[in-house]
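Report on one structure; see the data block that follows.
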């Protein structure tokens, strides 16, 4: 009766009755079902729950603030990685700066001692192209500038890398130009330094890190007119700067085998000890007469003063790498000096003699034809080998080209034949190959 009155007078309807009236009677149980609850076996693990609780507590301990109030949202615990990384980066940067500065100071020390000698011998020292006054070492302008200082002009010593420095000189009689290279320890990278030192103990191909001086003087050899332009060479006539070609060297015995392996020109020589040289040094020469002419008392004294810092002093007209073409055998005369880097004034005597050695060669290196007979025979033998290899390559190329033409002619002839003619041609060709192979087997037997 109550339900009927409510329908007549429009009273409020219950939620359950409205749902059950709208839904089909078959789904009445689902309409009034409770909200789903996760089962007990799907509960969150204890560790994850603990982490979530800790994160909630931490977030609750850090209230939300303005964006610029960073100190209220972070703590020192958020920067533990930076506390470890930044000191390491700082040490790497400081070691790099210290190593670069130490190498630069070392190179400038060498330059302060040796560049005045270059200025006294060459008209232009450095990469600026500016002419300098040629005179004695003590009176040179550079020696006065560098007296008691290592402030070397930037255009006289160029930094190729943090452990390699170079300089250049030109404008001297009998010498076209001079290249100098200074190699230093990689102080800016101790890891590289120690790694190379360690590998050199186990592998011969990895050299022990050393501080070295490498200087190479390229001689004119009577080719001033072809090297110097007319405007530069208009300063008058110069005497002949040519001398006989040969290979001669004074080397440290520890470097003898390495030089024979690395340099083609030195491999042409024979080794013989000299009684006037120190026990650690030896002579590598193509002729005994050349040794007697070049091994002067001044050179012996300079080698003795340098001590075991000397690695090699080489006079050569042959290439460093083995020649593969006849053009590579054209003589290119030069003088090379390699020694450990030493910035003390006592080490300058050998370098000074090296700078004046071209003059000694021009004046004395003219030998009897009998003395150079072996030298010429060696050169001719090498040229004969190169010529033979070149002829073999050309013959192989001609053979390849001939085979190619034969194949093209065979293909052209086959293309003009019909099926029967092609079959007969191929059978005939097969018979020829069989007879040829039988002849080869019988010849071998």
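Values quoted throughout were computed directly from the atomic coordinates according to the rules given, and no laboratory measurement underlies them. On a predicted model such as this, the values are computed, not experimentally measured, just so you know. All Cβ positions, even for glycine, are placed from backbone atoms using ideal geometry, and neighbour counts span all protein chains on display.
The ranking of 188, 218 from fewest to most other beta carbons within 10 Å of each one's beta carbon is 218, 188.
The calculated FRET efficiency for residue 301 paired with residue 94, based on their beta-carbon distance and R0 = 30 Å, is about 0.10. Placing a label point 7 Å from the Cα of residue 437 along the Cα-to-Cβ direction, no residue of segment 410-425 has a backbone N closer than 16 Å.
Here the relative contact order of segment 88-374, from alpha carbon pairs under 8 Å that lie six or more residues apart, stands at 17 percent. Segment 262-305 and segment 336-374 have Cα centres separated by 10 Å.
The label-point distance for residue 105 and residue 71, in a model that sets each label 7 Å from Cα toward Cβ, rounds to 4.1 nm. Counting every alpha-carbon pair across segment 264-316, the share separated by more than 18 Å comes to 27%. Counted over all Cα-Cα pairs of segment 88-374, pairs farther apart than 23 Å make up 59 percent. Peptides 311-324, 359-372, ordered by how many other C-beta atoms sit within 10 Å of their residues on average, highest first, read 311-324, 359-372.
If each residue's Cβ is checked for other Cβ atoms within 10 Å, how do 67, 248, 98 rank with the fewest at the top?
Details: 67 7, 248 24, 98 12.
So the ranking, lowest neighbour count to highest, is 67, 98, 248.
Among 349, 267, the ranking by other beta carbons within 10 Å of each residue's beta carbon, starting with the fewest, stands as 267, 349.
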